[in-house]
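Notes to accompany the following structure.
The values are calculated or read from the model by the stated rules, or taken from the named source; none is laboratory data. Quick caveat: nothing in here was measured; it's all calculated off a predicted structure. Quick reminder, even Gly has a Cβ in these numbers, built from the backbone with ideal geometry, and neighbours come from all protein chains shown.
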Amino acid sequence: MITLVRKLNMSKMKILFCAALLVFNSAVAKEDPQAQVATIDDVVVVVNDDVITKNELDDRVKSVISQLKKQGTPLPEMSVLKKQILERMITDMLQAQYAKESGVKVDDTQLDLAMTSIAHQNNFATLAEFLDKLKSQGVDVKKFREEIRSEMIAKKLRDREVDSKLAISEKEVDNYLANKSQMGQQNEEYHLAHILVVVPEQASADKIQASRERAEHALTQLAGGADFAQVAAGTSDANDALKGGDLGWRPTDRIPPMFMNALKGLKPGENTGILRSPTGFHILKLVDKRSGSAPVVITQTHARHILIKTSEIMTSAEAKKRILAIKQRIDAGADFAEEARRHSEDGSAAQGGDLDWLSPGQTVSEFEDAMNKLKVGEIGVVETQFGWHLIQVLARRNTDVSTQQQRQQARMSIASFKSEEMYQDWLRQLRDRAFIEYHQDDEQK
């Protein structure tokens, strides 16, 4: 209660301050009609101790409209789109506030590393070339950097608050595979899009009914010929709503059985009816379908590593210096495992840095690329988003992973579904604890 009162009072102070400025400007204008009076930016919503202003909302709306047009997605009604964007901005602000309170940060070194990776993914040799291209297209590079930083912080939060707490039992995997076998699923992949209408935690019957009515309205629009991406952008509560709800290609192993049952009879271009899950109400669209081509025999690498993490206290340069000093000792005859136990800041330190057999895709791309370039017995150094690593390849093998792959894909599918449920639940709790006060028309509430 004390926290709520504090937040309420601080928010009111901000609003009263804005009001006082308006009164002052009005008085100045009366005394001197020619005076140039600065325009006060209207407050749209108060979120705890912060505010979202009309200018900020308008800027985000312009950005989203530009994005939707590039995607070729028809625009929803402006009032609907604005409401969707405002709710997303509130969620983003709540996560940013929580990250600040709990000490979750992304420093400039980590940000530059991530942006360099984005540059390479877009076929630019260097980050400087990528940034020059953005500038030539009229993109505010400073703003773009902060957007990437915010996305990275949100991912760190999700990893810490949700994904790190995921627990999937062997029995769950067994049941999943048994259900898949009973449904006679083949090795196929589905390109999906979806609409999600979230049901609040411990929602009353009225709130559940209100959510269902939103989903039914979306289904009615689709039945009337409306574009799925347009309806998703105007209705869906999912993070990908403003991308038209596109989920991309997914193997059947990564689609929950309850959804597969609804998708089995669909042709590409068709959508399901309303599906209920613990998260809320879903509508899925089968964009396309194809035969899968997952490999059976893969090359695995047995590796070990030593990690020195980077932080505000431990700079990238200092971490690199420490990892190179460790490498020098190992090159001179020191035992790798013992150095790992003494100095590594990874969970594998107790095992002498041993990562066991690694399959493709199990580690971040920078680590995997560096590891793949090493011969058996060689030691290499690489920087990733976690810090500086010293990697040694112990052995390589080609192995048939048909059974393991089936179980791993099943585990990924279960994790994906459970993670989304837990994440939406965490966001609802974050919002329930917050003080949110709207200062525009009631339709935004």
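General observations
- Residues of region 248-261 classified as free of Cβ contacts under 8 Å to residues at least 60 places away in the same chain and buried (at least 19 other Cβ atoms within 10 Å of the Cβ), total: 1
- Checked against (1) polar (S, T, N, Q); (2) under 25 Å from the mean Cα position of the chain (by Cα); (3) assigned to a helix (DSSP H, G or I); (4) modelled with pLDDT under 85, residue 239 meets all criteria but (3).
- Some residue of region 280-296 being without any contact (Cβ under 8 Å) to a residue 12 or more places away in the chain and hydrophobic (A, V, I, L, M, F, W, C): no
- Residue 290 meets each of the listed conditions (1) closer than 30 Å to residue 194 by Cα; (2) part of a helix (DSSP H, G or I); (3) among the basic types (Lys, Arg) apart from (2).
- Residues of region 348-406 that are part of a strand (DSSP E or B), among the aliphatic types (A, V, I, L, M) and over 15 Å from residue 336 (Cβ atoms): 358, 382.
- Residue that is nearest to residue 312 (Cα to Cα) [pool: residues in region 109-128 that are surrounded by 13 or more Cβ atoms within 10 Å (Cβ to Cβ) and free of Cβ contacts under 8 Å to residues at least 40 places away in the same chain]: 112
- Residue count for region 90-104, restricted to those that are buried (at least 18 other Cβ atoms within 10 Å of the Cβ) and outside any helix (DSSP H, G or I): 1.
- For residue 198, the test of being in the same structural domain as residue 284 (by TED's automatic domain parsing), under 25 Å from residue 424 (Cα atoms) and at pLDDT below 90 is passed.
- Cross-chain or 6+ apart pairs with Cβ under 6 Å, region 58-84 first and outside the structural domain of residue 239 (by TED's automatic domain parsing) and at negative phi, then acidic (Asp, Glu) and surrounded by 14 or more Cβ atoms within 10 Å (Cβ to Cβ): 74/227
- Test: residue 317 is in a helix (DSSP H, G or I), out of contact with any helix residue (DSSP H, G or I) (no Cβ under 8 Å at 6 or more places or on another chain) and of a type in the set (Gly, Ala, Ser): yes
Residues are listed down the side, and each one gets a yes or a no for (1) assigned to a loop (DSSP other than H, G, I, E, B); (2) surrounded by 14 or more Cβ atoms within 10 Å (Cβ to Cβ); (3) in contact with a helix residue (DSSP H, G or I) (Cβ under 7 Å, 6 or more places away or on another chain):
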residue: 57; (1), (2), (3): no, yes, yes
residue: 76; (1), (2), (3): yes, yes, yes
residue: 88; (1), (2), (3): no, yes, no
residue: 106; (1), (2), (3): yes, yes, yes
residue: 142; (1), (2), (3): no, no, no
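- If you go through region 161-195 and keep only what is among the basic types (Lys, Arg) and modelled with pLDDT of 90 or more, you end up with just 171.
- Test: residue in region 371-386 that is under 26 Å from residue 172 (Cβ atoms), in contact (Cβ under 8 Å) with a residue 12 or more places away in the chain and under 28 Å from the mean Cα position of the chain (by Cα): no
- Residue in region 21-43 that is at pLDDT 85 or above, surrounded by 12 or more Cβ atoms within 10 Å (Cβ to Cβ) and more than 25 Å from residue 156 (Cα to Cα) present: yes
- Of the residues examined, residue 83 is not one that is over 18 Å from the mean Cα position of the chain (by Cα) and farther than 29 Å from residue 431 by Cβ.
- Contact map, region 263-277: first residue modelled with pLDDT of 90 or more, second residue exposed (fewer than 15 other Cβ atoms within 10 Å of the Cβ), Cβ cut-off under 6 Å, separation 6 or more or different chains; pairs are 268/288.
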